[in-house]
Amino acid sequence: MTKANGEAFVQIRNLRKDFPIRIGMFSHVRLRAVDDISFDIPKGATMGLVGESGCGKTTAGRCLLRLIEPTSGEIRMGEHNLTDLKSEQVAQMRGRMQMVFQDPGGSLTPRMTIGAILREPLDLHTNLNAHEKDQRVRQLLSQVGLQPDHLTRYPHQFSGGQQQRIGVARAIATHPDFIVLDEPTSALDVSVRGQILRLLTQLQEEMGLTYLFISHDLSVIKHTCNQVAVMYLGRIVEIGSTEDIFGSPAHPYTQALLSAVPIPDPAQRGKERLKLPGEVPSPIDLPPGCRLYSRCPYRRDACLEPGPPLLQVGESHKAACILVDENVRLGGGNTPAALSQLA
Amino acid sequence: MSAQGTPLQLGLDTELPPGLQRFLYQLRRNWSTMVGIAIILFFVLIAIFAPLLATHDPVITNLDEQFEPPSARHFFGTDEVGWDIYSRVIYATRVDFFIAIASVLMAIAIGVPLGGLTGYFSGRFDDILMRILDAFQAFPPLILAMAVVAALGRSIWLVIAVIAFINFPSYLRVVRAEMKSKKESFYAEAARSVGNPSHRLIFRHLIPNCLDPVLAQAPLNAGWAILVAASLSFIGLGVPIPTPEWGSMINDGVGGIVSGEWWISFFPGLTAMLAVLGFNLLSEGLRDIFDPKRMEM
Amino acid sequence: MIEVRNSDTLLEVRGLHTYFYTYEGVVKAVNSVSYKLNRGEITGLVGESGSGKSVTAQSIIRLVKAPGRIVEGEVWLDGQDLMSCSEAEMQTVRGRKISMIFQEPRAALNPLFTVGDQISRVIQLREGCSRSVAENQAVEMMRAVEIADPDRRASAYPHELSGGMCQRVMVAMALSANPLLLIADEPTTGLDVTVQAQVLDLIRLRVKSAGSACLFITHDLGVVAELCERVIVMYAGRVVEQGPVAEIFSNPRHPYTQGLIASTLRVDIDKPISTIPGTVPDAVHLPSGCTFHPRCPFAEELCQQEEPQMVEAGRDHTTRCHIVSGRIEREMLEEAWTLETA
């Protein structure tokens with residue numbers, strides 16, 4: 001975990017992504033996968049984007065790199081406004097922003113050798129000669145802890161952990177500034193997960209990388225990120241420093257999410273949980289009010305009004321829940337118990 | 001384990017291309033493929049060593065030895081102009097295999113890139129192209145071939161081109177279908193995120209991974225090409241005489257079947273059948289090997 | 001068939017060997033595995049990919065897929081030797097005595113029938129009752145697994161339900177057979193944590209109230225700690241440690257179990273990221289001696305040469321390690337796992 005040095009390097013403003021869903025031969029409905037999200041990532045920091053399946057975190061990550069086109073909103077990386085760039089200009093920018101994928105085996109082209117896979121970004125974005133490229137590829141391999149004789153092998157000849165090392169090597173080949181990590185460890189075994197997380201942290205320190213770390217796994221987020229944004233049904237419901245989110249979660253959804261994570265300690269079995277009944281509703285044609293309304297144990301009529309906006313909880317800690325406002329005014333803590341008294 | 005869907009970690013030290021070792025292993029366990037390969041190999045050797053194997057010149061007529069039945073001097077007998085059937089069957093292997101292989105390669109060269117492109121871009125272009133192909137394929141292929149050859153004249157190259165033209169839509173379709181699933185794969189997205197332009201993505205990353213069904217289909221089409229070439233020759237529209245070719249040789253002997261000179265048609269017919277059988281067995285085996293459901297074995 | 005056994009023991013697996021004959025060589029997916037499951041208890045079977053945990057379960061119900069084969073071993077369920085059963089008897093065992101829940105609920109449900117139909121068929125098979133009675137019971141079963149609006153949902157097809165809902169249907173189906181043994185193979189792996197918590201609660205509740213035994217296969221130690229009474233840890237086809245859950249977590253004796261616990265990240269406490277060095281071994285060419293020795297920070301020469309035997313490591317707690325058995329004198333320090341190994 002590198003300490004961030006203030007200045008926002010990646011800035012997202014009012015990002016929105018709609019998908020048309022075909023419901024008949026001629027008619028469409030709109031699925032708002034990402035709904036008006038904004039956040040900043042300082043240079044050299046890691047922003048965690050956490051949420052359950054269908055919350056829009058992966059779509060948001062792809063929009064950020066313009067792997068899919070956002071419907072509206074603004075994305076800035078350093079001095080560039082990515083949303084203004086034409087697609088050829090974006091292709092040129094790809095050397096500076098990269099992605100590491102969830103499925104390490106599936107993200108490597110099966111019929112290409114590791115050498116060819118790693119040489120590709122160099123071919124596309126640098127003017128190195130063949131010898132220099134070869135040297136760079138060898139250097140990359142050693143940076144991620146692989147052997148030079150792996151170059152002539154094919155992806156299926158490696159274990160999941162090694163495949164993800166190759167994925168990381170490809171992402172850092174062109175010295176990027178910004179990397180989106182999309183669930184980089186969720187397909188890996190527990191014993192190997194730590195190796196990849198360490199590698200990522202180490203490379204971040206060496207190369208001054210800025211990360212967006214997308215995951216559904218709160219424990220991984222806690223150990224890798226400086227800041228965390230929690231998403232539910234396309235919206236950010238809570239955002240703050242890692243200490244804020246894990247130490248004093250303010251939004252009922254964050255609280256429920258945290259309390260649902262199993263603790264690997266039998267002594268803590270039977271701890272009190274904030275349970276969310278039911279399931280995530282269909283993301284098509286959502287009502288304007290709080291997205292959690294149908295499942296929230298503290299809901300009230302005011303929650304049905306449009307919004308709620310992100311309300312200030314602490315210095316850099318915001319949550320989209322009207323109870324937070326009342327709670328702060330009442331001066332209570334943000335524990336489930338305190339909130340349930342309000343309810 | 002394999003039942004869980006996680007790939008086995010292989011302790012491979014050798015640097016063979018992906019699946020080649022596995023491929024060879026499965027080949028060994030599949031007798032029909034082995035027989036197919038043996039037959040094809042047998043014909044290839046015959047084609048290469050034709051001058052050594054032939055006992056007579058295939059195109060020099062010898063009117064002294066007309067309609068000789070099979071004997072030690074003429075293994076397969078002779079026909080009405082005294083051509084040695086055995087030597088002509090041997091030399092015809094060169095012609096027929098050339099037609100089969102050249103037409104398949106040409107069909108692949110047209111069908112694969114076109115199928116890759118239309119599968120990748122989809123949309124209006126894909127819709128229009130596929131409807132044209134539907135209309136085209138609704139036409140009986142042999143009649144189409146006859147019409148083209150009848151209009152443009154007889155030559156071996158024209159036969160090859162016509163067969164390739166009839167065959168390429170099947171390659172286009174299989175590659176298009178593969179492409180539609182492969183373009184959604186993680187590695188396609190990863191390649192895009194590295195900054196690959198579309199053409200590089202299609203030709204470097206995707207098409208090489210769409211070729212398994214093409215490889216399984218190629219031998220089948222090669223066998224089929226031999227049949228079409230023979231059919232064209234049989235109705236007098238194929239490879240011009242005196243070039244030895246199985247179909248035209250069968251045609252030469254048609255009259256002989258009723259009058260007792262059965263060998264003139266029989267031996268080229270048998271040979272052609274054997275060659276087609278070889279290709280079909282090979283194709284069947286390759287299809288099994290490339291079947292994704294069997295990959296875990 | 002006279003079996004002397006503990007009255008609480010429902011299932012006993014003895015010396016089970018299941019091998020896969022692949023072209024790379026023989027994969028000893030399950031290698032001399034023995035354990036017991038008690039009535040009313042949930043036993044966690046933990047391991048990483050390739051540890052053989054799923055194959056163990058498939059071997060119990062004798063549904064190992066080719067090229068795998070059960071080579072040797074005994075499986076006793078409630079006094080019945082499953083390995084000597086005929087295939088027809090096995091089908092009855094699978095339908096009535098053992099139920100399974102899989103990781104992919106949607107793949108395990110038939111897409112052509114409504115979920116209500118599928119549950120009531122299981123009930124009909126068990127009770128031999130009429131269709132309408134079974135249908136009513138199916139709705140009750142769906143209510144029991146907390147499916148909201150079960151009357152309406154019973155006529156839904158699997159594709160109309162979410163993954164979590166399908167998994168509840170699977171649980172309802174598995175439990176409506178009233179099985180002696182429930183085998184759950186990573187039933188919550190694809191589910192979101194909030195839904196996972198619901199499904200785990202459900203499994204715990206139903207297993208306890210029915211007094212059946214449950215073998216819960218998972219790679220997630222958090223789930224084991226929340227749910228199970230006993231734990232079996234597998235590595236490269238072998239059981240390396242087993243015992244009561246509290247004991248295993250507070251006093252793990254095998255270095256692999258220690259490493260696994262150390263490398264499990266937690267949301268409740270801050271600690272540096274730990275990891276086990278190296279990778280899971282090649283399934284065909286397993287290391288000599290103790291299969292864990294290339295990754296073990298405490299390994300010595302003996303570990304390479306000789307395979308350790310299962311030894312007592314505490315009350316009802318066994319493990320397979322030369323250090324625990326006293327053949328090697330050495331201290332196992334917890335810090336070993338936090339050393340830089342990347």
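The values are calculated or read from the model by the stated rules, or taken from the named source; none is laboratory data. Treat the numbers as computed from the prediction; the structure is a model and nothing was measured. Cβ sites come from the backbone with ideal geometry, for glycine too, and all protein chains shown count toward neighbours.
Would it be correct to say that B:ILE40 is touching a Gly at 6+ places or on another chain (Cβ under 7 Å), at pLDDT 90 or above and either not polar (S, T, N, Q) or not in a loop (DSSP other than H, G, I, E, B) (or both)? Judged against the criteria, B:ILE40 is a match. The set of residues from segment C:264-304 being among the hydroxyl-bearing types (Ser, Thr, Tyr), within 11 Å of chain A (Cβ to nearest Cβ) and farther than 19 Å from A:GLN268 by Cβ comprises C:SER274, C:THR275, C:THR279.
For segment C:280-328, a residue qualifies if it is of a type in the set (D, E, K, R) and assigned to a helix (DSSP H, G or I), and the qualifying residues are C:ARG295, C:GLU301.
As for segment A:97-112, it holds at least one residue that is at pLDDT 95 or above and among the β-branched types (Val, Ile, Thr). Please go through (1) crowded, with 22+ Cβ neighbours inside 10 Å; (2) in contact with a Gly (Cβ under 6 Å, 6 or more places away or on another chain); (3) assigned to a helix (DSSP H, G or I) for A:PRO104 and return the number of the only condition it doesn't satisfy. If we test A:PRO104 against (1) crowded, with 22+ Cβ neighbours inside 10 Å; (2) in contact with a Gly (Cβ under 6 Å, 6 or more places away or on another chain); (3) assigned to a helix (DSSP H, G or I), just (3) comes out false. Within segment A:304-333, the only residue that satisfies the criterion of being of a type in the set (Gly, Ala, Ser), modelled with pLDDT under 85 and within 19 Å of A:ARG235 (Cα to Cα) is A:GLY307. Does B:GLY238 satisfy the condition of being within 30 Å of B:THR61 (Cβ to Cβ) and without any contact (Cβ under 8 Å) to a residue 60 or more places away in the chain? Answer is no for this residue. Give me the residue from segment C:15-38 that is surrounded by fewer than 18 Cβ atoms within 10 Å (Cβ to Cβ) and in contact (Cβ under 8 Å) with a residue 24 or more places away in the chain and, out of that set, farthest from the chain's Cα centre (by Cα). The residue in question is C:GLY25. Note on segment C:51-101: residues that are aliphatic (A, V, I, L, M), assigned to a helix (DSSP H, G or I) and in contact (Cβ under 8 Å) with a residue 24 or more places away in the chain amount to 5.
Of A:HIS223, A:HIS216, A:HIS175, all but one fail to be surrounded by fewer than 24 Cβ atoms within 10 Å (Cβ to Cβ) and at positive phi; the exception is A:HIS175.
Assuming A:ALA250 fulfils every condition listed in (1) modelled with pLDDT of 85 or more; (2) part of a loop (DSSP other than H, G, I, E, B); (3) out of contact with any strand residue (DSSP E or B) (no Cβ under 6 Å at 6 or more places or on another chain) apart from one, which condition is it? Status for A:ALA250: all satisfied but (3). Counting only helices (runs of 4 or more DSSP H) wholly contained in segment A:111-209, the ones carrying 1 or more residues that are touching a helix residue (DSSP H, G or I) at 6+ places or on another chain (Cβ under 7 Å), under 22 Å from B:LYS182 (Cβ atoms) and within 12 Å of chain C (Cβ to nearest Cβ) occupy A:160-172. Residue check: is A:ALA8 surrounded by fewer than 22 Cβ atoms within 10 Å (Cβ to Cβ), of a type in the set (A, V, I, L, M), within 22 Å of A:SER241 (Cβ to Cβ) and more than 14 Å from chain C (Cβ to nearest Cβ)? Answer is yes for this residue.
Scan segment C:150-192 for residues that are within 11 Å of another protein chain (Cβ to nearest Cβ), surrounded by 20 or more Cβ atoms within 10 Å (Cβ to Cβ) and either farther than 29 Å from C:VAL93 by Cα or among the aliphatic types (A, V, I, L, M) (or both) and jot them down. Within segment C:150-192, C:LEU161, C:MET165, C:LEU191, C:ASP192 meet the criteria.
In the set (1) of a type outside the set (Val, Ile, Thr); (2) assigned to a loop (DSSP other than H, G, I, E, B); (3) under 26 Å from A:VAL261 (Cβ atoms), the condition left unmet by A:CYS303 is number (2).
Within segment A:20-55, restricting attention to residues that are at pLDDT below 90 and in a strand (DSSP E or B), which residue is farthest from the other protein chains (Cβ to nearest Cβ)? Checking each candidate, the answer is A:ARG30.
Contact annotation: residue pairs with Cβ atoms under 8 Å, 6 or more positions apart or on different chains, pairing a residue in segment B:164-190 that is away from every other protein chain (no Cβ under 14 Å) with a partner that is surrounded by fewer than 20 Cβ atoms within 10 Å (Cβ to Cβ) and not in a helix (DSSP H, G or I), are B:VAL175/B:LEU211; B:LYS180/B:SER122.
If you filter segment C:193-238 down to residues that are free of Cβ contacts under 8 Å to residues at least 24 places away in the same chain and more than 9 Å from every other protein chain (Cβ to nearest Cβ), you find that the one that is surrounded by the most Cβ atoms within 10 Å (Cβ to Cβ) is C:LEU205.
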